[in-house]
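Okay, so here's the structure we're looking at.
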Amino acid sequence: MAGLYRGPIIDPHIHLWDLGMDRHLWLRPTGRAIQALGDLAPIRRNYLVDDYRRDAATQNVVATVHIEAAWDRADDPLAEIEWLETLDKSSGVAARYIGFADLAAPDAATALDRLAQVKRCVGVRQMLSWHPTEPARSFALRPGIANEANFRRGVALLARHDQLLELMLYPYQAEEVARLARDFPDQTIIVNHCGSPIDRDRDGMARWREGLKALGSAPNVRIKISAVTAYDPSPTPESLREVALHCIECFGVDRSMFGSDFPVGRLWTSYDAIFDGFKAIVQDFSEAEQSALFHDNARRVYRMEGL
């Protein structure tokens with residue numbers, strides 16, 4: 001038994017924003033709120049490098065990955081990346097980026113080419129999360145995106161620059177994403193937020209468990225164990241442990257990563273609670289397994305040699 005992890009952490013899922021730039025429409029007081037997240041008031045303020053470092057001050061975070069934060073989709077897809085490039089990198093915050101490009105758009109190739117010119121930008125994210133009975137809880141604009149021919153043509157373009165594909169999805173999209181992974185076996189796909197177990201009744205959790213098994217069966221899919229409290233109305237150490245360990249069971253230690261989803265995670269919990277919780281869940285894992293989950297896998301996937 002290794003005990004509680006004390007080594008370095010790479011946090012593979014954070015967001016930064018400067019609301020004074022007015023590029024995050026979903027965070028406007030009068031914007032289109034994302035109902036799946038509830039009241040956004042606690043995060044409706046600037047969140048920059050120093051803010052993250054304060055939240056993570058007691059954790060041994062050596063680097064983070066910035067995930068696109070729904071910057072205004074009508075803007076140049078490179079704009080968010082160019083802003084990130086202006087931020088202080090001395091503490092490792094936003095050492096790598098996952099940007100946004102509409103893979104189904106006619107100009108997807110041009111957008112991906114431009115993103116690839118920025119060394120720190122190693123991939124793109126798409127939101128596929130669609131709830132069939134409660135569409136207002138959806139992040140995606142429509143269902144079935146992963147099956148669309150135009151989207152698949154965009155996925156094929158990622159290989160030209162060896163770009164990663166991150167996906168947000170609900171269990172309802174698990175089978176179509178698993179099929180996408182099988183059809184593009186050389187494309188690394190990273191599932192966000194434990195595959196989002198949004199429906200917490202018996203049938204909903206069974207759907208999530210089976211969906212995760214399908215996703216984990218594709219060897220080119222990785223998972224981020226993040227936002228564990230996001231859809232849990234009554235989180236307990238046991239319920240969080242159940243979700244985290246099922247992710248690891250389906251993907252294995254070598255294809256799983258622990259992440260914070262901060263500052264969005266502040267809607268439900270604290271930074272220390274997230275990572276101290278992860279440490280407690282895997283305290284009986286070996287030192288090598290813990291290092292993989294907290295640091296090594298993220299360093300490899302996001303090409304952070306030397307961190």
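Would you please name the residue that is surrounded by the most Cβ atoms within 10 Å (Cβ to Cβ), looking only at residues in region 77-97 that are in a loop (DSSP other than H, G, I, E, B) and hydroxyl-bearing (S, T, Y)? Walk me through it before giving the result.
First, pick out the residues of region 77-97 that are in a loop (DSSP other than H, G, I, E, B): 77-78, 86-95.
In the following step, the residues that additionally are hydroxyl-bearing (S, T, Y) were identified as 86, 90-91.
Numbers: T86: 6, S90: 6, S91: 16.
Restricting to residues being in a loop (DSSP other than H, G, I, E, B) and hydroxyl-bearing (S, T, Y), the top hit is S91.
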Return the pairs, sorted by first residue and then second, in which the second residue is at pLDDT 95 or above and part of a helix (DSSP H, G or I), the first residue lies in region 167-183 and is surrounded by fewer than 19 Cβ atoms within 10 Å (Cβ to Cβ), the beta carbons are less than 8 Å apart, and the residues are 6+ apart or on different chains. E175/G211; E175/A214; E176/A146; E176/N147; R179/A146; R179/N147; D183/R152
How about region 98-108: which of its residues are among the aliphatic types (A, V, I, L, M), surrounded by 22 or more Cβ atoms within 10 Å (Cβ to Cβ) and in a loop (DSSP other than H, G, I, E, B)? A101, L103
Would you point out the residue of region 191-222, among those that are of a type in the set (V, I, T) and buried (at least 24 other Cβ atoms within 10 Å of the Cβ), that is nearest to G259 (Cα to Cα)? V191
Under 6 Å between Cβ atoms, which residue pairs at least 6 apart in sequence (or on different chains) link something in region 2-14 that is farther than 15 Å from A288 by Cβ with a partner that is aromatic (F, W, Y) and surrounded by 24 or more Cβ atoms within 10 Å (Cβ to Cβ)? I9/F294; I14/F262
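Take the residues in region 269-283 that are within 15 Å of Y52 (Cβ to Cβ) and not in a loop (DSSP other than H, G, I, E, B); name whichever of them is farthest from the chain's Cα centre (by Cα). Let's see the steps before the verdict.
Kept after step one, since they are within 15 Å of Y52 (Cβ to Cβ), are these residues of region 269-283: 270-272, 274-275.
Retained after the next criterion (residues that are not in a loop (DSSP other than H, G, I, E, B)): 271-272, 274-275.
Details: Y271: 16, D272: 18, I274: 15, F275: 16 Å.
The selected residue is D272.
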P185 vs (1) within 13 Å of R222 (Cα to Cα); (2) in contact with a strand residue (DSSP E or B) (Cβ under 7 Å, 6 or more places away or on another chain): all pass except (2)
For region 31-39, does any single residue satisfy the condition of being among the basic types (K, R) and at pLDDT 95 or above? no
Within region 82-116, track down each residue that is over 22 Å from L128 (Cβ atoms), in contact with a strand residue (DSSP E or B) (Cβ under 9 Å, 6 or more places away or on another chain) and of a type in the set (S, T, Y). S91
Restricted to region 114-143, and to residues that are part of a helix (DSSP H, G or I) and at pLDDT below 95, which residue is surrounded by the fewest Cβ atoms within 10 Å (Cβ to Cβ)? A136
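Among the listed residues A111, A57, A69, A146, identify the single one that is surrounded by 13 or more Cβ atoms within 10 Å (Cβ to Cβ), assigned to a loop (DSSP other than H, G, I, E, B) and at pLDDT 95 or above.
Values: A111 fails: assigned to a loop (DSSP other than H, G, I, E, B); A57 fails: surrounded by 13 or more Cβ atoms within 10 Å (Cβ to Cβ); A146 fails: assigned to a loop (DSSP other than H, G, I, E, B).
Every option except A69 fails the conditions.
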Can you say whether P219 is farther than 25 Å from A178 by Cβ and part of a loop (DSSP other than H, G, I, E, B), as far as the supplied structure shows? no
Flag if A74 is free of Cβ contacts under 8 Å to residues at least 24 places away in the same chain and not in a strand (DSSP E or B): yes
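Sort through R241, R303, R266 and tell me the only one that's surrounded by fewer than 22 Cβ atoms within 10 Å (Cβ to Cβ), assigned to a loop (DSSP other than H, G, I, E, B) and basic (K, R).
Working: R241 fails: assigned to a loop (DSSP other than H, G, I, E, B); R266 fails: assigned to a loop (DSSP other than H, G, I, E, B).
After ruling out the rest, the residue left standing is R303.
The values are calculated or read from the model by the stated rules, or taken from the named source; none is laboratory data. Just so we're clear, the structure is a prediction, and the values are computed from it rather than from any experiment. Counting neighbours? That spans all protein chains shown, and the Cβs are built from the backbone with ideal geometry, glycine included.
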